[in-house]
1. Specify the residue with the greatest mean-square fluctuation among 43, 122, 164, computed from a Gaussian network of the chain linking alpha-carbon atoms under 10 Å apart.
2. Using only alpha carbons, build the gyration tensor for segment 23-70 and give me the equivalent ellipsoid semi-axes, biggest first, whole Å.
3. Choose one answer from 42, 56, 83: the residue with the largest mean-square fluctuation in a GNM of the chain with alpha-carbon springs under 10 Å.
4. Please label the shape of segment 1-84 as rounded, prolate or oblate, based on the square roots a ≥ b ≥ c of the eigenvalues of the alpha-carbon gyration tensor (a/c under 1.5 means rounded; beyond that, a/b larger than b/c means prolate, else oblate).
5. So for 168, 115, 5, fewest C-beta neighbours within 10 Å to most, what's the order?
6. Averaging sequence separations of C-alpha pairs under 8 Å and six or more residues apart, then dividing by the length of segment 39-188, give the relative contact order as a whole percent.
7. Ranked by Cβ crowding within 10 angstrom, fewest neighbours first, how are 161, 130 ordered?
8. Expressed as an acute angle from 0 to 90° and rounded to the nearest 10, what is the orientation of the C-alpha long axis of helix 40-52 relative to the principal long axis of the chain?
């Protein structure tokens, strides 16, 4: 399968535009998980899909959304999102690398922060929508669901640990038309 994959660039502007559009609302095309554990990673996945247009429909270990009851754990679960995005094998879908907090200069709008609060597991995934120069935790601004926010400074959260995911692009099957906003832009 890896030989049939092509790299698709990440449209960061499309992902950030989606984040601004839906930060304080809910896209009716997606289920709102707010009342059953939180909607932050569902929102992050929607933003990422708007910027890549590629899903991975592998049962259990993929990254996809069909409907509220048929989606991959990585679409809505914070640690699963991280594991899928930082996977080493080439497979369809977006991919990235972890960026340590001491390398804020490597982050770009459209990347993701993950915060660990009082438990052993990371529990929140906001999308970075703006970064000041030089980048600091007070001028890295995020959008998120579950305590909805847009342009929220990252240092306004109380957390025990912080990590970042820098998105590099996505792999798509050769000849497959990407969906999402990226697919829409490529057809205009």
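1. 122
2. On the way: eigenvalues 64, 38, 17 Å².
Those come to 18, 14, 9 Å.
3. So, out of 42, 56, 83, the one fluctuating most is 83.
4. Values: a/c = 2.06, a/b = 1.22, b/c = 1.68.
Taking the square roots of the gyration eigenvalues as a ≥ b ≥ c, segment 1-84 is oblate.
5. Ascending number of Cβ neighbours within 10 Å: 168, 5, 115.
6. Working: 314 pairs, mean separation 43.2, N = 150.
Reported as a whole number, the value is 29 percent.
7. Details: 161 11, 130 15.
So the ranking, lowest neighbour count to highest, is 161, 130.
8. Tilt of helix 40-52: around 50 degrees.
Each value in this text was obtained by applying a stated rule to the coordinates, not by laboratory testing. Note that the coordinates shown come from a computational prediction; the quantities given were computed from them, not determined experimentally. All Cβ positions, even for glycine, are placed from backbone atoms using ideal geometry, and neighbour counts span all protein chains on display.
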